[in-house]
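Just so you know, all these numbers are worked out from the coordinates, no wet-lab data involved. Here the structure is a predicted model, which means the values were calculated and not measured. Please note: Cβ atoms are built from the backbone with ideal geometry, for glycine as well, and neighbour counts cover all protein chains shown.
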Amino acid sequence: MHKVRVLIACDVAEWLHGRRNNVRMTVGEAARRSQIPVEFIVQWEAGMPIPVPELIILMKIYQVPGVVVSAYLTSLQRKFLGDDF
């Protein structure tokens, strides 16, 4: 189970980094807008697990539509837990 958590955290980190780059935002700017310390954003984009409330805040800052977030989370579920979950 630990391995799955690490894989999910890495997948989310890569996705977060890509979303931030899509809106051409620096880590510092994201930190200012979200009021989340820069160190945390850097750690999350490096693969540390991110708490859900902060993930939601960053998704709003990165202008990700709710439908896209839902589709991404569904794809994570299927990828790591299978269709039976």
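Remark: pairs (first residue in region 26-51, in contact (Cβ under 8 Å) with a residue 12 or more places away in the chain; second residue among the charged types (D, E, K, R) and surrounded by fewer than 14 Cβ atoms within 10 Å (Cβ to Cβ); Cβ separation under 8 Å; 6+ apart in sequence or on different chains) = Pro49/Arg5. The set of residues in region 11-26 being in contact with a helix residue (DSSP H, G or I) (Cβ under 6 Å, 6 or more places away or on another chain) and exposed (fewer than 11 other Cβ atoms within 10 Å of the Cβ) is empty. Kindly provide the set of residues from region 27-45 that are touching a helix residue (DSSP H, G or I) at 6+ places or on another chain (Cβ under 8 Å) and either loosely packed, with under 12 Cβ neighbours inside 10 Å or within 13 Å of Tyr62 (Cβ to Cβ) (or both), ordered by number. Those that are touching a helix residue (DSSP H, G or I) at 6+ places or on another chain (Cβ under 8 Å) and either loosely packed, with under 12 Cβ neighbours inside 10 Å or within 13 Å of Tyr62 (Cβ to Cβ) (or both): Val27, Gly28, Ala30, Ala31, Arg33, Ser34, Ile36, Pro37, Ile41, Trp44, Glu45. Taking the conditions (1) out of contact with any Ser or Thr (no Cβ under 7 Å at 6 or more places or on another chain); (2) in contact (Cβ under 8 Å) with a residue 12 or more places away in the chain in turn, Val68 satisfies each one other than (2). Of all residues in region 50-85, those satisfying the criterion of being in a loop (DSSP other than H, G, I, E, B) and surrounded by 15 or more Cβ atoms within 10 Å (Cβ to Cβ) are Ile50, Tyr62, Val64.
Please enumerate the residues belonging to region 12-34 that are over 21 Å from Leu73 (Cα atoms) and assigned to a helix (DSSP H, G or I). Residues satisfying the conditions are Val27, Gly28, Glu29, Ala30, Ala31, Arg32, Arg33, Ser34.
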